[in-house]
Amino acid sequence: MKIRLQQYWKLLVDYLKPQKWRVSKFAIALLASIGLQLVNPQILRYFTECHLVILKMFLTTHISHIHKSLLPPSHPPHKSLLLLQSS
């Protein structure tokens, strides 16, 4: 006994007809879930790229400040030293 695909489809539709609102909500939720799974890598890439740029700017400014603080001060010589050197 061979049952056609059309008969299976009709049985499924008849079975789910009273549950059409639940089935439609489930279908929307399923499609939304698939859509989010497809978009998720792009969202994560954007998030990481933005934060890497911010981190790079943060480290660049702070490393330059740390570097300047480790160097000896570059104040101009005091006026009295300049007078002594000129005489």
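What follows draws every value from the coordinates through simple rules; no lab data is involved. Everything quoted here is computed from the prediction, not taken from an experiment.
General observations
- Taking 0.36 nm per residue of separation and subtracting the current Cα-Cα distance, fully stretching the chain between T60 and R4 would add 13.2 nm.
- The range 34-66-the range 2-22 distance, computed between alpha-carbon centres (Å): 49 Å
- Extension gain for L44-R22 works out to 4.7 nm (0.36 nm per residue, less the C-alpha to C-alpha distance).
- When you work out D = kT/(6 pi eta Rh) for the range 5-69 at 25 °C and 0.890 mPa s, using the Kirkwood radius from C-alpha pairs as Rh and the Stokes-Einstein form, the result is 148 µm²/s.
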